[in-house]
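What follows is a single structure, written as structure tokens, with notes after it.
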Amino acid sequence: MLHTGWRELHPDVSLNFQLNRWAAYGGEAWLRQVEPILPRLTSYDAWRDEFFGLGEAAERDGRRLDAALHLRCAEFFMLEGDPRKQPARARLLAHFREPFQGSYSRHEAPCGSLKLPVYRFGEPRARGSLVIFSGFDGYIEEFFPILSALGKRGLDVVAFEGPGQGAVLEDQHAPMTPDWHAPVGAVLDRLGLDDVTLVGVSLGGCLVVRAAAFEPRVRRVIAFDILTDFHECMMRQVPEAARPVLTALLAARVGSLTDVLVKFAAAHRPVVEWGVQQSMRVFGRTTPHEAFEAGRAFHTHDVSSRITQDVLLMAGAEDHYVPLEQLWTQARTLTHARSLTTRLFTRQEQAQAHCQVGNPALAIDVMTRWIEGATKSDATAGARAPPVSPRSPPRP
């Protein structure tokens, strides 16, 4: 169900990434359905309309996976006021779940006033427990093919959505928190897990470090991929000529002028409009300047030195969201990690993009092999030394 191959399908780097993202699940058969509409994908409005039409046609024909992929393409760029968004979300998630019925169990983890959705693949007494979560814009159901593949490698795979993600955002309206040890701890409590490998996807590559810094039941950490500074990633999407002005306005806290500049930038680069709208929703803010400020809290600078676990850092050599320098920054700041492995994926492997979209099977292989090595090292070394630093969050 996972396909390998990076293709140049669209001149817009963001749209080309999204096409490759879903081709990893749909393969050549899905791409053959998409090819006729490629010349018409000249705007985000056209993208939404074309893929929504493909999704409805696939539903009528009973092609559930195709319907899920087409509707996800359309829904991904739908803004808050689009009346198609929530109905499309409900339909596409049902389509993603359907092929895996019977292969997972579903749970809820209490986290304060929230109930976190948790899915479990594999066997609870498998070779080891892997806990995984997404980041800024993913639904955990869309990762079911990857979760299933990991479960078939003999792992107990647990996936969840926390504040600011998926159903917790859409249905419970909970904004994201940088204190990610809280939702991770809630999931571990709910399932009685200890000695786990924690995996964060995309922005989760930041959250996984933040969680592991304060959760001693996490013994191994995988950033899939690295992300040390989300504010920097947000600024990277703004047209280069506007970045110095936006930086100055944010520093001066001139909110109204900041919002005008962001609106201007969005008119010249549509992904900015989507990114700002998504940031406002995820972080629970009402204006663009507040969203940019909220993004500053999502970094690893203040917690990296507290990491005492085995760590795997993954990065795409041509990631258009996360600057490659963040890989080296993250590696340099993990000064107390038990062990540190970095893996840079390249175009020759067709895995150079964000989260190895062109070759997810390779990413799975790298992670599982690393987990095997790290757990064997644990068994050889015996009991661990106590952590070098306290595991409670610092007082505000």
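A short reminder: the numbers here are calculations on the coordinates, not readings from a lab. Please read these numbers as outputs of a predicted model, since none were measured by experiment. As a convention, Cβ positions derive from the backbone with ideal geometry for all residues, glycine included, and neighbour counts pool all protein chains shown.
With the contact rule set at Cα under 8 Å and sequence spacing of 6 or more, what percent relative contact order holds for the chain?
Result for the chain is 14 percent.
When ranked by the protection proxy of mean other Cβ atoms within 10 Å per residue, highest first, what sequence do the peptides 212-222, 50-60 form?
212-222, 50-60
Could you please report the charge total around THR258, scoring K, R as +1 and D, E as -1 over all other residues with beta-carbon less than 14 angstrom from its beta-carbon?
+2
Non-local amide H neighbours of CYS111 (under 5 Å, H modeled in plane, Pro and chain starts lacking H): which ones?
LEU116
Size of the dipole of region 98-159 about the Cα centre, Lys and Arg at +1 and Asp and Glu at -1 on the beta carbon, nothing else charged, in debye to 20?
For region 98-159, the charge dipole is close to 320 debye.
Using a Förster distance of 25 angstrom, determine the FRET efficiency expected from the C-beta separation of GLU325 and VAL245, and round it to 0.05.
Efficiency, rounded to the nearest 0.05: 0.65.
Measure out, as a whole number of angstrom, how far apart the alpha-carbon centroids of region 65-136 and region 220-268 sit.
Going from one Cα centre to the other spans 29 Å.
Is region 135-219 rounded, prolate or oblate when judged by the Cα gyration tensor, a ≥ b ≥ c being the square roots of its eigenvalues, rounded requiring a/c under 1.5 and prolate requiring a/b larger than b/c?
It is oblate, given that a/c is not under 1.5 and a/b is not larger than b/c.
Please give every one of the lysines within straight-line cross-link reach of LYS376, meaning a C-alpha to C-alpha distance under 20 Å, and leave out same-chain neighbours fewer than 8 residues apart.
Of all the lysines, those that pass the test against LYS376 - Cα under 20 Å, at least 8 places apart if same chain - are LYS152.
Could you give the dipole magnitude of region 231-295 about its Cα centre, charging the beta-carbon of Lys and Arg +1 and that of Asp and Glu -1, in debye to the nearest 20?
Its charge dipole is roughly 40 debye.
What aspartates and glutamates could a cross-link reach from LYS85, if we take a straight Cα to Cα line under 15 Å and drop same-chain neighbours fewer than 8 places away?
Result set, ordered by chain and number: ASP45, ASP49, GLU50, GLU56, GLU75, ASP137, GLU170, ASP171.
How much length, in nm to one decimal, is gained on full extension between ARG32 and HIS301, taken as 0.36 nm per residue of separation minus their Cα-Cα distance?
Between ARG32 and HIS301, full extension yields 92.4 nm more.
Using a 7 Å offset from the Cα along the Cα-to-Cβ direction at both ALA46 and GLN348, what is the distance between the two label points in nm, to one decimal?
For the pair ALA46/GLN348, the computed spacing is 3.7 nm.
Among GLY102, THR335, GLY27, pick out the residue whose Cα is farthest towards the positive end of the charge dipole of the chain, where Lys and Arg carry +1 and Asp and Glu carry -1 on C-beta, about the Cα centre.
THR335
Which distance in nm do the two modelled labels at ASP365 and ASP195 give, with both placed 7 Å along the Cα-to-Cβ direction?
Label at ASP365, label at ASP195, 2.9 nm between them.
Could you size up the charge dipole of the chain around its Cα centre, putting +1 on the beta carbon of Lys and Arg and -1 on that of Asp and Glu, and report it in debye to the nearest 20?
Dipole magnitude for the chain comes out near 880 debye.
When a/c reaches 1.5 or more, the comparison of a/b and b/c decides; with that in mind, is the chain rounded, prolate or oblate per its Cα gyration tensor?
The shape class here is oblate.
Report the one residue of LEU250, GLN277, VAL158 whose Cα lies farthest in the direction of the positive end of the charge dipole of the chain (charges on C-beta: Lys and Arg +1, Asp and Glu -1; origin at the Cα centre).
Going by the Cα projections, it comes out as VAL158.
Using only DSSP helix segments of four residues or longer, with each worth -39500 (n - 2.57), what per-residue ellipticity at 222 nm results for the chain after dividing by its residue count and rounding to 500?
-14500 deg cm²/dmol
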